[in-house]
1. Anything in region 21-41 that is open to solvent by 10 Å² or more (accessible area, probe 1.4 Å), in a loop (DSSP other than H, G, I, E, B) and without any contact (Cβ under 8 Å) to a residue 40 or more places away in the chain? List them, or say none.
2. When you scan region 57-97, how many residues do you find that are at pLDDT below 85, open to solvent by 60 Å² or more (accessible area, probe 1.4 Å) and hydroxyl-bearing (Ser, Thr, Tyr)?
3. For region 98-159, which strands (runs of 3 or more DSSP E) that fit wholly inside it have 1 or more residues that are surrounded by 18 or more Cβ atoms within 10 Å (Cβ to Cβ) and touching a strand residue (DSSP E or B) at 6+ places or on another chain (Cβ under 8 Å)?
4. Just the residues that are outside any helix (DSSP H, G or I) and open to solvent by 40 Å² or more (accessible area, probe 1.4 Å), please, taken from region 165-179.
5. Step by step: first the residues of region 63-95, then only those that are among the β-branched types (Val, Ile, Thr) and out of contact with any Pro (no Cβ under 6 Å at 6 or more places or on another chain), then the one that is nearest to Leu147 (Cα to Cα). Which residue is that?
6. What number of residues in region 2-20 are within 21 Å of Asp130 (Cβ to Cβ), in a helix (DSSP H, G or I) and among the charged types (D, E, K, R)?
7. Which condition from (1) without any contact (Cβ under 8 Å) to a residue 40 or more places away in the chain; (2) more than 20 Å from Tyr22 (Cα to Cα) is the one that Val162 breaks?
8. What tally of residues in region 1-41 results from selecting those that are closer than 28 Å to Tyr78 by Cβ and over 17 Å from the mean Cα position of the chain (by Cα)?
Amino acid sequence: LIAKSMGSADSFIDIDSNIDLYAVTISQLFPHKKVIAVEPLNENFLTLNENIKLNSLSNIKAIKATVSNQEGGEIYFYPNPIHDCGGSVIKSPVYRTGSISIDAESFQKKYPEFCKEFELQNIKLDEIIDSQSVIKIDEEGSEVSVLESGKTCFKKGLVGMVVIEALDETIDAVIQFLMS
């Protein structure tokens with residue numbers, strides 16, 4: 001679906017790209033198109049850059065940041081230790097993955113060395129989208145904030161397609177944003 005949509009796009013924007021299957025694959029399939037991969041977690045970001053280097057990809061720009069509608073250059077990010085190197089800009093009282101939930105405070109007491117939050121650069125979609133684009137968003141609960149950060153590019157018609165991994169709690173708000 002993403003590859004089909006790239007035919008009419010100039011760029012692929014991968015929000016919360018992880019190590020990145022999507023950005024690397026799209027970069028290889030479309031070497032003359034721009035790919036931007038945004039990843040907040042340092043270990044994932046380093047692996048993403050290593051994948052870019054190993055595959056000799058020159059059309060990917062990796063950005064260590066998160067995307068949200070919040071003003072200002074820095075934002076808190078809350079890693080999730082049980083979600084395969086995930087996390088969110090939304091602080092949660094529980095760590096979840098699939099049907100497993102663990103109380104965050106209890107986990108932090110048991111593992112005091114765990115970094116429960118850190119600050120990092122915050123950017124907006126409107127800052128990185130300047131031409132016809134396809135977007136993939138995997139933001140663990142802050143999908144609407146990411147979408148709202150791109151109101152201008154959506155109004156200009158610069159987003160041809162968006163693929164979103166939404167949570168049960170956020171799907172209605174995501175649909176509402178996209179329908180507005």
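1. Answer for region 21-41, where residues must be open to solvent by 10 Å² or more (accessible area, probe 1.4 Å), in a loop (DSSP other than H, G, I, E, B) and without any contact (Cβ under 8 Å) to a residue 40 or more places away in the chain: Phe30, Pro31, His32, Lys33.
2. 0
3. Result: 118-123, 133-137.
4. Glu165, Leu167, Asp168, Glu169 - these are the residues of region 165-179 that are outside any helix (DSSP H, G or I) and open to solvent by 40 Å² or more (accessible area, probe 1.4 Å).
5. So the residue we want is Val67.
6. Summing the residues that are within 21 Å of Asp130 (Cβ to Cβ), in a helix (DSSP H, G or I) and among the charged types (D, E, K, R) in region 2-20 gives 0.
7. Exception for Val162: condition (2).
8. 0
The values are calculated or read from the model by the stated rules, or taken from the named source; none is laboratory data. Everything numeric in this text was worked out from a predicted model, so none of it was measured. Glycine gets a Cβ as well: all are built from the backbone with ideal geometry, and neighbour counts include every protein chain shown. Note: accessible area is taken over every heavy atom of the protein model, side chains too, but ligands, DNA and RNA are not part of it. Shrake-Rupley method; radii C 1.70, N 1.55, O 1.52, S 1.80 Å.
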